[in-house]
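The values are calculated or read from the model by the stated rules, or taken from the named source; none is laboratory data. Because the structure is predicted, anything quoted here is derived from the model rather than measured. Note: ideal-geometry Cβ built from the backbone for every residue, glycine included; neighbour counts use all protein chains shown.
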Amino acid sequence: MGRLIRFIFFGVIARFIALIVLGLNVRHRERLPKAGPCIVVANHNSHLDTITLMTLLPLRLLAQVHPVAAADYFLRNRLLAWFALKVIGIVPINRERTRPDEDLLAPVRASLARGDILIFFPEGSRGEPEKLTDFKSGVARLAAEFPGVAVVPIFMHGLGKALPKGEAILVPFFIDVFVGEPILDITEREAFMNTLRARMDGLAAEGHFPAWQ
Amino acid sequence: MIHFDASAPVLWVFGGLLLLLAVASAITLLLRRSRPTQDYSELTQRVNSWWIMIGIFAFALVTSVNVAIGFFAFLSFLALKEYLSLIPTRRADRRVLFWCYLAIPLQFWWVHERWYHMFIVWVPVWMFLATSVRMVMIGETKDFLRAVGTLQWGMLTMVFSVSHLAYLLVLPESKGSFGAGPGLVLYVVMLTQLNDVAQYVWGKTFGKHKVVPLVSPKKTVEGLIGGILTTAALAVFAAPWLTPLTRVDAFAVGLIIGLGGFLGDITISAVKRDLGVKDTGALIPGHGGILDRIDSLTFTAPLFFHFMKYFYY
């Protein structure tokens, strides 16, 4: 039942929102992962980010695709938890340690070991719309532990205008989605983060974005 | 299901256009075969996109009037979305932008209801006032005039102008009981698009003197005049099948579409130049955005409509 709802949600509703209401301009589509395991890393401006990213991948991969999301936010009540876990299919992680020896990334490791495609938002939260904040380094640790797994950076523009944090009305805009070259085999944290940041900045520089203040 | 009254000639004209397209595809294929080293990917994309566009347009136009009205409403939505994604907007105005979108279903609802009065005042009077007031109520005065001006220009161009194509579908029977409907729409859309091509071809072949070097440096006087005259000739030729126009009137309409198409084209060029972009979007492979394709129509649709309304309906 949950799988059927998830299939309908992403096959029909999410695609209607992403492709008809919004409309995507995807550059370098060929760089998208064709199979798991893989880590997709994107900037985060809106709840629509996850939906948009998941519609980029073919439906036959849907069972493998899972966004990594904050447990404290998405599991805060039962209805939301059901929607987040069963329909969106998040891998929930805690943002703060509850015990000093807690391994926050354990659920993510298990998922990668199963061959999943994970979606990460290393900014941690949606923050100010259309502004890139600092990346957290959890992805770097995963990249070090899974050196053969490609990390695909994706830069998106427009979703923070369409549905920013704290707004309930969706205003349609065309969305730019720029897919970057996969990052492979960088195990050193500093080097990985610098590469990721450089790729993202490079992708952001490909676009022409009108002012929005 | 298929709406055949008045559209037998429409089907013939579509048949002719498909034949023209088949010739274009054949030429593209021959070019690619004979000169494999040259890159014809953009030409191929352009022609392929034409197949899809004409296919969708033909489907919408011959299925039923309501489908055709819905099609133009969606076209209007795409054009407005592209425009609003392209221009600088203020964060404070999100709600106003939402109102602009809401103008679309209502504007096309008036068309569906054949309610000419509301159709003609809805955007230029009611939405004009409502967006101003809504923006004032938000209270952000920095860049107020720029914001209200760009939004209202967008609504007039993308919603009001485009909706004239839909109203052509529902004009009452004219003198001499010539059904309006799909024929008129096909006539103005086809002539506008062929006018673009004709101006391009004449300009490429004989172009020397620039018309508007500051806005669109590739446009020439030779292209403009050759294009307008070609369009006028086509207008006279096609008129008996699709319209109630007399020969003289059809010639006048051809001149209006030729010149209006040119003016619409360079107006969107000016917008693009102001914004620093080459294309308005990437929706149509080989063509650019939706506005790159309908730029001329935003002028020719209302011009043609009011000519017909005043003299014939």
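The table below lists the values:
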item	result
Top-ranked residue of the stretch A:153-179 - restricted to ones that are surrounded by fewer than 24 Cβ atoms within 10 Å (Cβ to Cβ) and in contact with a Pro (Cβ under 7 Å, 6 or more places away or on another chain), ranked as modelled with the highest pLDDT	A:164
Subset of the stretch B:261-304 (residues that are farther than 19 Å from residue B:200 by Cβ and small (Gly, Ala, Ser))	B:276, B:281, B:282, B:301
All positions within the stretch B:270-313 that are part of a loop (DSSP other than H, G, I, E, B), out of contact with any Gly (no Cβ under 6 Å at 6 or more places or on another chain) and farther than 24 Å from residue B:231 by Cβ	B:276, B:277, B:278, B:282, B:285
The stretch A:196-213, residues that are away from every other protein chain (no Cβ under 14 Å) and either crowded, with 18+ Cβ neighbours inside 10 Å or part of a loop (DSSP other than H, G, I, E, B) (or both)	A:196, A:199, A:200, A:203
Test for residue B:302: is it within 21 Å of residue B:111 (Cβ to Cβ) and in contact with a Ser or Thr (Cβ under 8 Å, 6 or more places away or on another chain)	yes
Considering residues of the stretch A:154-172 that are aliphatic (A, V, I, L, M) and facing chain B (nearest Cβ under 8 Å) only, the residue farthest from residue A:196 (Cα to Cα)	A:169
Tally, over the stretch A:87-105, of residues that are β-branched (Val, Ile, Thr) and touching an Asp or Glu at 6+ places or on another chain (Cβ under 9 Å)	1
Enumeration of residues in the stretch B:96-130 that are within 14 Å of chain A (Cβ to nearest Cβ) and surrounded by 15 or more Cβ atoms within 10 Å (Cβ to Cβ)	B:96, B:97, B:99, B:100, B:101, B:103, B:104
Breaking point among (1) modelled with pLDDT under 95; (2) basic (Lys, Arg); (3) closer than 24 Å to residue A:129 by Cα, for residue A:60	(3)
Boolean, residue A:127 is exposed (fewer than 14 other Cβ atoms within 10 Å of the Cβ) and at positive phi	no
Residue in the stretch B:55-87 that is surrounded by the most Cβ atoms within 10 Å (Cβ to Cβ), counting only those that are within 14 Å of chain A (Cβ to nearest Cβ), touching a Phe, Trp or Tyr at 6+ places or on another chain (Cβ under 8 Å) and touching a residue at least 40 places away in the same chain (Cβ under 8 Å)	B:76
Breaking point among (1) within 30 Å of residue B:240 (Cβ to Cβ); (2) part of a helix (DSSP H, G or I), for residue B:96	(1)
